[in-house]
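The values are calculated or read from the model by the stated rules, or taken from the named source; none is laboratory data. Every value quoted in this text rests on a predicted model; they were computed, and no experiment measured them. All Cβ positions, even for glycine, are placed from backbone atoms using ideal geometry, and neighbour counts span all protein chains on display. Accessible surface areas use protein heavy atoms only, side chains included; no ligands, DNA or RNA. Shrake-Rupley method; radii C 1.70, N 1.55, O 1.52, S 1.80 Å.
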Amino acid sequence: MKYLVIYSSRTGNTEKVAMEIFEALPGKSKDIQRVEEQKGEADVYFVGFWDDRGICGRDIVDFLEGLHGKQVAIFGTCGMGEDPEYCRRLSKRVEALIPEDNQYLGSFICSGRMTPKVLERYRMMQKKEDTPQIRQMIQVCEEAMLHPDEKDLRNARTFAEEMACVREKGEYIWG
């Protein structure tokens, strides 16, 4: 079975997770590529993205829409990664982009630092109007700056190992 890890990374968060997933995949028939450099085919795709306002970027949308007859797992990083409900919604939105003739394997979403501009924008908002909501956004952003951490990467590895053994829904075969 050939695995291909395809990802888009803006700040390096998703790239870290992609590398961990790649390392966790069994065998030697695997590759890892940025979405803009993608070439070649695989049986199983691990497709990684960063959260762009509740969905993946256009490059990942286009890539997913072009996949047919494959097994697909998705993974992503987002500044709201400590909010399980937000992660579920994000995962569902991206999953919905996968054409129905593919077998969807599952998803993994973890926290990732936001660009410094986001934190700067929140602090500017706070200077104009210091509300509990703005303070919460700053706190979330500051906490996200520590991710993906070692726990996130271990979880990504476990996700990859589990997804790599799925051949058909409910049937698990390693390799």
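Numbers below:
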{"item": "Count - residues of the stretch 121-138 that are over 24 Å from D52 (Cβ atoms), of a type in the set (V, I, T) and part of a helix (DSSP H, G or I)", "result": "0"}
{"item": "Matching entry among T77, T131 (being in contact with a His (Cβ under 9 Å, 6 or more places away or on another chain) and of a type in the set (S, T, Y))", "result": "T77"}
{"item": "Among (1) more than 21 Å from R157 (Cβ to Cβ); (2) assigned to a loop (DSSP other than H, G, I, E, B) - the single one E82 does not satisfy", "result": "(1)"}
{"item": "Selected residue (only one of F46, F63 is farther than 23 Å from E162 by Cα, open to solvent by less than 60 Å² (accessible area, probe 1.4 Å) and touching a helix residue (DSSP H, G or I) at 6+ places or on another chain (Cβ under 8 Å))", "result": "F63"}
{"item": "Filter pass, R34 being free of Cβ contacts under 8 Å to residues at least 40 places away in the same chain and either surrounded by 18 or more Cβ atoms within 10 Å (Cβ to Cβ) or under 16 Å from the mean Cα position of the chain (by Cα) (or both)", "result": "yes"}
{"item": "Test result for A24, small (G, A, S), open to solvent by 10 Å² or more (accessible area, probe 1.4 Å), in contact with a Ser or Thr (Cβ under 9 Å, 6 or more places away or on another chain) and within 15 Å of A164 (Cβ to Cβ)", "result": "yes"}
{"item": "Matching residues in the stretch 94-120 - criterion: being in contact with a Phe, Trp or Tyr (Cβ under 9 Å, 6 or more places away or on another chain), in a strand (DSSP E or B) and either open to solvent by 40 Å² or more (accessible area, probe 1.4 Å) or free of Cβ contacts under 8 Å to residues at least 12 places away in the same chain (or both)", "result": "S107"}
{"item": "Evaluation of G57 against (1) within 13 Å of S107 (Cβ to Cβ); (2) surrounded by fewer than 24 Cβ atoms within 10 Å (Cβ to Cβ); (3) not polar (S, T, N, Q) (one fails), failing number", "result": "(1)"}
{"item": "Complete set of residues in the stretch 141-156 that are open to solvent by less than 30 Å² (accessible area, probe 1.4 Å) and either among the basic types (K, R) or more than 19 Å from M19 (Cβ to Cβ) (or both)", "result": "C141, A144"}
